[in-house]
Amino acid sequence: MARPHKCRKVELIPGITYFKPRGIPMDMLEEVKLSVDEFESLRLADYNAFSHEESAERMNISRATFGRIVEKARYKIVDALLNGKAIIIEGGNYKPSDTFEYRCRRCHRKWQFTVERRKNANCPHCEKENIT
Ligand SMILES: [Zn+2]
């Protein structure tokens, strides 16, 4: 049996979890499954531009483990874009804890955070102080 993974801390669970290329019939569509912790690694390293060290610390894992997760996640995204596959974000080795749902007043996107945010914090998408 595989060694149990350390609890991976995830701060944000995206509200939109399915992405589909236009013009491909459902029965021909292949899916790439991105786990929630893999998504978090991309958000931290590639969207927020945190170093691997800082990202690993935020997820409560080693730098080496973080490096493996983010590499796998990047491969999956490129595979989906290159080969016209759908992307589904679900599951993974993360600590499911209480989540707090927010909606942006400007772009109307929904987000779930595993840490409580103050009201009017920045929307992760449009970066405006807008979430309720
Ligand atoms: Zn927004």
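The values are calculated or read from the model by the stated rules, or taken from the named source; none is laboratory data. As the structure is a prediction and not an experimental result, all values here were calculated from the model. Here the Cβ is made from the backbone with ideal geometry for all residues, glycine too, and neighbour counts use every protein chain on show.
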Here the qualifying pairs (Cβ atoms under 8 Å; residues six or more apart or on different chains; first in the stretch 120-132 and farther than 11 Å from Arg105 by Cα and near the ligand (Cβ under 6 Å from one of its atoms); second part of a loop (DSSP other than H, G, I, E, B) and modelled with pLDDT of 65 or more) come out as His125/Cys107; His125/Arg109
Does the stretch 89-104 include one or more residues that are modelled with pLDDT of 90 or more and surrounded by 14 or more Cβ atoms within 10 Å (Cβ to Cβ)?
yes
Within the stretch 57-80, how many residues are under 30 Å from Pro21 (Cβ atoms) and of a type in the set (Lys, Arg)?
4
When only residues in the stretch 108-125 that are part of a loop (DSSP other than H, G, I, E, B), surrounded by 13 or more Cβ atoms within 10 Å (Cβ to Cβ) and not aliphatic (A, V, I, L, M) count, which is modelled with the highest pLDDT?
Arg109
Please go through (1) under 17 Å from Arg68 (Cβ atoms); (2) crowded, with 17+ Cβ neighbours inside 10 Å for Pro14 and return the number of the only condition it doesn't satisfy.
(1)
Given the conditions (1) at negative phi; (2) more than 11 Å from the chain's Cα centre (by Cα); (3) of a type outside the set (Gly, Ala, Ser), and given that Asn60 satisfies all but one, which numbered condition is not satisfied?
(1)
Only one of Leu81, Leu42 is among the aliphatic types (A, V, I, L, M) and either at pLDDT below 95 or farther than 19 Å from Ile13 by Cβ (or both), namely Leu81
Hey, any hits in the stretch 48-56 for a residue that's of a type in the set (A, V, I, L, M) and either closer than 19 Å to Asn93 by Cα or surrounded by fewer than 13 Cβ atoms within 10 Å (Cβ to Cβ) (or both)?
yes
Can you tell me which condition Ala64 does not meet? The list is (1) out of contact with any helix residue (DSSP H, G or I) (no Cβ under 9 Å at 6 or more places or on another chain); (2) loosely packed, with under 15 Cβ neighbours inside 10 Å, and all the others hold.
(1)
